[in-house]
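Here the structure comes first, spelled out in structure tokens, and everything after it is commentary.
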Amino acid sequence: MSKSEVTEVLLNEDKIYKPSEKVLKNARIKQWKAAHKKAEKDPIKFWEEAANELEWYNYWGQTFDDSNAPFFKWFLGGKCNIVHNALDRHMGTPVENKTAIIWESDDGDKRKISYKELNKMVCKMANGLKFLKVRKGDRVAIYLQNIPETAVAMLACAKIGAVHSVVYAGYSANALRERVDDQGAKVLITSDVGHRRGKIIDMKSLTDKAISGSRSIQHVIVVKQGDGPVSMKMNRDIFYDALVETQPSNCPTEKMDSEDPLFILYTSGTTSKPKGVVHVHGGYMVGINRTFQWVMDVKEDDVYWCTADPGWITGHSYIVYAPLMSGITTMMFEGVPDFPKPDRIWKMIEKYEVNILYTAPTLIRALMSYGDEWPSKYKMKSLRLLGSVGEPINPEAWRWYHKFVGKSKCPIMDTWWQTETGMFMIAPLPSMPLKAGSATLPFPGIQAEILDGNGKKVPVGKGGFLAIKTPWPSMLRTVFKNPDRYIKTYWTDSPGYYHTGDLATKDKDGYFWVQGRSDDVLSIAGHRIGSAEIESALVSHKAVAEAAVIGKPHPIKGESAKGFVILRKGIKGDEELIVELKKHIRNKLGPIAVTDEIEFVEKLPKTRSGKIMRRVIKAAELGQDLGDTSGLAD
Ligand code: PRX
């Protein structure tokens, strides 16, 4: 399906889902139009009010500074720490005895950690990091699965002012090495093994491979998850339990400047090198707190489950930080939704009485494919609200989710946002009318537009580039060590706007329909990966001379990757080589970069300057019009 066909399908969804009386009655923001209007009138004041809902050591002087645009600053002069708001301020209040984290392992074990216990774990870990000479501003890489210690490690870093950088555990040793080297991490936190679908993943070996020869890593902290022996390097490696055991359970929280970095999170772009997106303490905590409370409509005793992984931005903002700031219970799950059976998620919702479920279209489609009978067996009475993120949700999946999971009573919050935005940007409030497949309106205080290639607004119903007009507090501050790339990627293509890299349309009601990326970035099962990254992995194989990678529509994963490969002279392309190349990509990048198809070709379409025209390859592959081919060399 082409991008233009996607638009048509989505825009045909005229049916409006109005909120029920019950939803309206309980909604935090009942007058959504008034809330939007008020924020639109004075967005800075809107964010000031949001900031005032959190605790600060010292209030800020100036709320917003655009004197060095696009390096915007928020809450200047303010002193704060996100951990103060996520943990410290709950101590001595009734929240301290509430469950902060419910965790279920791949094989069904569970752990419940109260706020008080979590605070103690974080303090001990923070002291452990200090013992290993981690100081404010130092980078700490975290390569762990979805386990409570991942949240503990993040919070411990933030508490002492160190900058964490979580690398998704599904990335390969190579990808980990690249990220560790780029940030110059001093300490790496990993585990001996990980678990997935009943299988054991040797995380420690991957880690050792990734950091062999590293010039920055001084220590590796190993969280023990398995029973087997672990190879530990003397004077470098230390077990997490041994490190924290003797540490005091109190640790002062570092008073950070609002603009001090909180974390670096790598994300894929159009080149083969991932970008280190930098977020800061002040604005980030304000943005995610307000959006979480308003969109997810959190109530004091909510059990909330976001099925993402802490290795992605969704996990940072909406598994760890925002739910803890709200003092509710957040779930973490090590396993996968269809193991041991396709009712794992529905069963867990009943078992833990989950009120809010936040998941991804790829997972909904996968579970849909097992049949309606699986969710139908469960009443899931506790569910009140549903959420979706990561890619456009097709109306069919939206309706299935609404009917079979939400039992036609839970509104679906389709939230559009990015690693770079830190928080929800286009998303409904529960009191708003919904349309299946639309993320609805920009969040109050956010102005979004659809622009053409010349930066001009396009008429209603026409597709174009999605761009954001007004800066917002939780926006990325820069690309780590690469301010030029920050300017070039986000502030050049749509002058005067933040360029999102997405394509979208706006309908007559002002509702946004996001269609996907406009650049060479794929979204495979909601995971962002650049064509260039897979190509670079392919050409690093000795048999490959050149490669081009495109995304193709996929019924469950949203998109799948196909590689076109020119082999080196004298090498014959056969099935065996295809298998080997797929394995090679997996080794280089990790299982998230799975490439479904590889085709050997003699030539690739190129511009006169030698740039491969992926657009033309994609059009040919999908049987579409090739478009403007005047730039083709041959
Ligand atoms: O293309 C958009 C898609 O995911 C991209 C951002 O990916 P990432 O930085 O990995 O963050 C994902 C989680 C926030 C966007 O540029 N995307 C995200 N949410 C939606 C979406 N596309 C359509 N609808 C969404 N709700």
Mind listing just one residue for me: the one in region 500-521 that is in a loop (DSSP other than H, G, I, E, B), within 16 Å of the ligand (Cβ to nearest atom) and of a type in the set (Asp, Glu) and, of those, surrounded by the most Cβ atoms within 10 Å (Cβ to Cβ)?
Asp520
Being within 16 Å of the ligand (Cβ to nearest atom), of a type outside the set (Lys, Arg), part of a loop (DSSP other than H, G, I, E, B) and more than 26 Å from Asp181 (Cβ to Cβ), is that true of even one residue in region 533-546?
no
Within region 381-398, the residues that are surrounded by fewer than 21 Cβ atoms within 10 Å (Cβ to Cβ) and more than 16 Å from the ligand (Cβ to nearest atom) are Lys381, Ser382
Test Gly563 against the stated conditions and say whether it is in contact with a strand residue (DSSP E or B) (Cβ under 7 Å, 6 or more places away or on another chain), part of a strand (DSSP E or B) and buried (at least 23 other Cβ atoms within 10 Å of the Cβ).
yes
Which one of Glu533, Glu575 is without any contact (Cβ under 8 Å) to a residue 40 or more places away in the chain, of a type in the set (Asp, Glu) and not assigned by TED's automatic domain parsing to the domain that holds Val167?
Glu575
Failed item in (1) at negative phi; (2) in contact (Cβ under 8 Å) with a residue 60 or more places away in the chain, with Arg197 passing the rest
(1)
With respect to Leu626, determine if the residue is part of a loop (DSSP other than H, G, I, E, B), under 29 Å from Glu391 (Cα atoms) and touching a helix residue (DSSP H, G or I) at 6+ places or on another chain (Cβ under 9 Å).
yes
Exactly one condition in (1) farther than 30 Å from Gly282 by Cα; (2) within 14 Å of the ligand (Cβ to nearest atom) is not met by Glu420; state its number.
(1)
Checked region 255-271 for anything surrounded by fewer than 24 Cβ atoms within 10 Å (Cβ to Cβ) and polar (S, T, N, Q); matches are Thr267, Thr270, Thr271
Of all residues in region 545-565, which are modelled with pLDDT under 95 and more than 30 Å from the chain's Cα centre (by Cα)?
Ala545, Glu546
Counted residues in region 71-88 being assigned to a helix (DSSP H, G or I) and among the charged types (D, E, K, R) come to 1
Working only within region 202-222, note down all residues that are assigned to a strand (DSSP E or B) and free of Cβ contacts under 8 Å to residues at least 40 places away in the same chain.
Val220, Val222
Is it the case that region 522-544 has a residue that's surrounded by fewer than 21 Cβ atoms within 10 Å (Cβ to Cβ) and over 31 Å from the mean Cα position of the chain (by Cα)?
yes
Answer yes if at least one residue in region 97-115 is of a type in the set (S, T, N, Q), under 16 Å from Val223 (Cβ atoms) and crowded, with 19+ Cβ neighbours inside 10 Å, and no otherwise.
no
List, please: which pairs have Cβ atoms under 6 Å, are six or more places apart or on different chains, and start with a residue in region 614-634 that is over 24 Å from Glu533 (Cβ atoms) and end with one that is at pLDDT below 90 and in a loop (DSSP other than H, G, I, E, B)?
Gln624/Ser2; Ala633/Arg608
Against the definition (over 22 Å from Val354 (Cα atoms) and within 22 Å of the chain's Cα centre (by Cα)), how does Ser165 come out, yes or no?
yes
Counting only residues that are under 18 Å from Thr270 (Cα atoms), outside any strand (DSSP E or B), of a type outside the set (Phe, Trp, Tyr) and within 16 Å of the ligand (Cβ to nearest atom), how many does region 471-499 have?
5
If you take the residues of region 272-306 that are within 16 Å of Ser388 (Cβ to Cβ) and within 12 Å of the ligand (Cβ to nearest atom), which of them is surrounded by the most Cβ atoms within 10 Å (Cβ to Cβ)?
Thr291
Test: Pro310 is more than 19 Å from Met413 (Cβ to Cβ), touching a helix residue (DSSP H, G or I) at 6+ places or on another chain (Cβ under 9 Å), modelled with pLDDT of 95 or more and within 16 Å of the ligand (Cβ to nearest atom):
yes
Restrict the check to region 581-599 and report whether at least one residue is more than 30 Å from Leu363 (Cα to Cα) and at pLDDT 95 or above.
no
Of the residues in region 355-380, those that are touching a helix residue (DSSP H, G or I) at 6+ places or on another chain (Cβ under 7 Å) and within 16 Å of the ligand (Cβ to nearest atom) come to Leu357, Tyr358, Pro361, Ile364, Arg365
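The values are calculated or read from the model by the stated rules, or taken from the named source; none is laboratory data. Everything numeric in this text was worked out from a predicted model, so none of it was measured. Quick reminder, even Gly has a Cβ in these numbers, built from the backbone with ideal geometry, and neighbours come from all protein chains shown.
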